[in-house]
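The values are calculated or read from the model by the stated rules, or taken from the named source; none is laboratory data. What you see is a predicted model; the values in this text were computed from it and never measured. Glycine gets a Cβ as well: all are built from the backbone with ideal geometry, and neighbour counts include every protein chain shown. Ligands, DNA and RNA are excluded from the accessible area calculation, which covers all protein heavy atoms including side chains. Shrake-Rupley method; radii C 1.70, N 1.55, O 1.52, S 1.80 Å.
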Amino acid sequence: MASLMEDEVFRSFAKYAAIVTVKLLLMGPLTAYYRITRKVLKKQLVRTNEDVERARRCHQNDLESIVPFVLVGLLYALTGPDPAWALLHFRVFVCSRLVHTVAYVMALPQPSRGLSWAVGLMTTLSMAHTVIHRTTTLHLL
Amino acid sequence: MASLMEDEVFRSFAKYAAIVTVKLLLMGPLTAYYRITRKVLKKQLVRTNEDVERARRCHQNDLESIVPFVLVGLLYALTGPDPAWALLHFRVFVCSRLVHTVAYVMALPQPSRGLSWAVGLMTTLSMAHTVIHRTTTLHLL
Amino acid sequence: MASLMEDEVFRSFAKYAAIVTVKLLLMGPLTAYYRITRKVLKKQLVRTNEDVERARRCHQNDLESIVPFVLVGLLYALTGPDPAWALLHFRVFVCSRLVHTVAYVMALPQPSRGLSWAVGLMTTLSMAHTVIHRTTTLHLL
């Protein structure tokens with residue numbers, strides 16, 4: 001069972017995937033915190049507090065970005081990529097999402113948020129490209 | 001190929017992950033059912049029916065909770081955890097989400113919903129902690 | 001590490017999972033494109049442009065459908081299914097989501113969208129059924 005975890009690339013992937021998923025999970029408590037401190041109750045259906053809404057939208061963007069990263073990254077780690085190149089992908093993605101969260105929640109001026117989102121997207125698309133290329137090439141062998 | 005499924009922990013994970021993902025998937029038809037029976041059409045952009053909105057919000061909460069559980073749980077099952085301890089994590093999570101769904105859709109009084117959400121979150125964070133700890137420790141070996 | 005990718009079913013799964021996840025990821029840029037060309041700014045909190053809203057709702061539906069497919073499909077590929085039967089599942093799902101996206105974004109008349117959504121849901125539920133059945137049966141051995 002530990003065989004996958006004996007692989008350097010898979011172990012790195014597991015670590016960074018866990019870290020970035022914890023970040024995603026913490027958006028829930030953060031939104032709850034803003035909701036309580038800004039005294040905005042959900043049942044009022046009044047969505048006017050900017051801090052609450054920013055945390056909610058950041059959470060949604062995390063779902064749209066971090067979940068695909070973990071799904072594609074898992075498959076990518078199994079294609080036997082170059083360890084240094086794989087590690088670069090994982091680290092760039094995790095950094096891009098930390099910057100994105102700070103830029104979103106603290107409402108930093110653009111293009112900080114847009115740029116960090118685009119870097120994360122590119123990283124995942126690059127890994128997806130490798131997965132599709134490798135699995136198609138192996139088919140032809 | 002069947003080698004991963006020969007592992008007791010991974011097999012348990014696969015079963016509970018499939019069960020809880022089916023639960024998530026069934027929120028779609030449930031929302032559709034409420035939409036039809038409560039005669040609320042989406043294109044009207046009038047979101048006033050409480051039953052429909054509760055099912056929608058529960059679906060969204062499932063995406064934010066169940067998807068991270070399956071992602072982190074998969075990596076956790078590969079770190080070779082104690083089978084009894086792992087099984088406890090999987091079962092507590094699945095139970096917490098079933099309680100959460102009933103509490104949300106039936107509009108049970110709080111803290112039933114908040115508590116079941118928190119228990120599920122703690123379970124996933126506990127597994128994420130193990131993944132990060134194990135993968136970091138193995139790095140140092 | 002490459003051992004999983006040596007398996008025909010797993011390799012097919014990896015390819016189709018990557019393709020359909022890329023489709024999900026491209027909904028982000030598509031929404032941004034509509035937002036810019038339809039001159040709808042997010043901070044105005046005015047959500048009236050139909051093209052932008054259709055792309056957003058399609059993106060949300062992708063999260064609710066494609067993510068569970070990849071999660072369940074990964075476990076399904078590990079249960080050692082019949083290759084031809086597995087490939088049929090993967091291809092039907094990917095086709096159903098491509099049709100769904102076109103039907104949603106182009107606002108094609110129903111039941112094109114509802115039907116393609118239902119076909120995708122059935123495919124994932126069928127795979128989930130196999131996972132639950134196989135893991136439960138193996139338990140009893």
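Among all residues of the stretch A:50-71, there is none that is over 30 Å from C:VAL72 (Cα atoms), open to solvent by 40 Å² or more (accessible area, probe 1.4 Å) and of a type in the set (Val, Ile, Thr). Applying a threshold of 8 Å to beta carbon distances and a minimum spacing of six or more residues, or different chains, the list of pairs starting in the stretch B:115-127 at a residue that is within 11 Å of chain A (Cβ to nearest Cβ) and aromatic (Phe, Trp, Tyr) and ending at one that is in a helix (DSSP H, G or I) and surrounded by 16 or more Cβ atoms within 10 Å (Cβ to Cβ) reads B:TRP117/A:GLY28; B:TRP117/B:ASN61; B:TRP117/B:SER65; B:TRP117/B:SER96; B:TRP117/B:HIS100. Scanning the stretch C:2-26 for residues that are within 8 Å of chain A (Cβ to nearest Cβ) and among the aliphatic types (A, V, I, L, M) yields C:ALA2, C:LEU4, C:MET5, C:ALA14, C:ALA17, C:ALA18, C:ILE19, C:VAL22, C:LEU24, C:LEU25. Considering the stretch B:121-136, and only residues there that are among the polar types (S, T, N, Q) and at pLDDT 85 or above, the residue that is nearest to B:GLU64 (Cα to Cα) turns out to be B:THR124.
Could you count how many residues in the stretch A:17-26 are touching a residue at least 12 places away in the same chain (Cβ under 8 Å), farther than 11 Å from B:SER65 by Cα and either touching a Cys at 6+ places or on another chain (Cβ under 7 Å) or open to solvent by less than 10 Å² (accessible area, probe 1.4 Å) (or both)? Walk me through it before giving the result.
Of the stretch A:17-26, the ones touching a residue at least 12 places away in the same chain (Cβ under 8 Å) are A:17, A:19-21, A:23-24.
This time we only want the ones that are farther than 11 Å from B:SER65 by Cα, so: A:17, A:19-20, A:23.
Going one step further and asking which of them are either touching a Cys at 6+ places or on another chain (Cβ under 7 Å) or open to solvent by less than 10 Å² (accessible area, probe 1.4 Å) (or both), we end up with A:17, A:20.
Qualifying residue count for the region: 2.
Restricted to the stretch B:28-47, and to residues that are touching a Leu at 6+ places or on another chain (Cβ under 9 Å) and more than 7 Å from every other protein chain (Cβ to nearest Cβ), which residue is modelled with the lowest pLDDT? Filtering first and then ranking leaves B:ARG47. With respect to the conditions (1) facing another protein chain (nearest Cβ under 10 Å); (2) aliphatic (A, V, I, L, M); (3) touching a residue at least 12 places away in the same chain (Cβ under 8 Å), C:VAL94 lacks only one, and its number is (1). Residues in the stretch A:73-120 that are open to solvent by less than 20 Å² (accessible area, probe 1.4 Å) and hydrophobic (A, V, I, L, M, F, W, C): A:LEU74, A:LEU75, A:ALA77, A:LEU78, A:ALA86, A:PHE90, A:PHE93, A:VAL94, A:ALA103.
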